[in-house]
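The values are calculated or read from the model by the stated rules, or taken from the named source; none is laboratory data. No experiment lies behind these values; they were computed from the predicted model shown. Here the Cβ positions follow ideal geometry from the backbone for every residue, glycine too, while neighbour counts run over all protein chains shown. All accessible areas refer to the heavy atoms of the entire protein, side chains included, with ligands and DNA or RNA removed. Shrake-Rupley method; radii C 1.70, N 1.55, O 1.52, S 1.80 Å.
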Amino acid sequence: MRSAWTAITSDKTERWRGAETALAAKFGGHPVAVMWIGDQVTDLARRDRRGRLLGAMRQTDSGDGIGVDLFLLPNAMYGNWDANPAN
């Protein structure tokens, strides 16, 4: 069952903030992601110098951090995993 912050949307910012809130509630403090992995730049976050989320990276952004703490991996099966005919 999906919680309210995992609603399907192309902008993942609210889900990321929901994850931060859940981690802070469980472990305390102010969690900051140390690595982001996605198959397109919009899966990666733009952050300020303190690590706070500003929103999803855009195609037109400079790409600062790619290869340092932001990583792109190819997706061999693009699209919905549930619709995979091999399942």
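Computed values, structure above
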read-out: Residue that is most open to solvent (accessible area, probe 1.4 Å) [pool: residues in region 1-54 that are at pLDDT below 90, β-branched (Val, Ile, Thr) and farther than 25 Å from Gly67 by Cβ]; value: Ile8
read-out: Subset tally (residues that are acidic (Asp, Glu) and open to solvent by 100 Å² or more (accessible area, probe 1.4 Å)) for region 55-64; value: 1
read-out: Those residues of region 65-83 which are open to solvent by 70 Å² or more (accessible area, probe 1.4 Å), part of a loop (DSSP other than H, G, I, E, B) and either within 21 Å of Ser10 (Cα to Cα) or basic (Lys, Arg) (or both), in sequence order; value: Leu73, Pro74, Ala76, Tyr78, Asn80
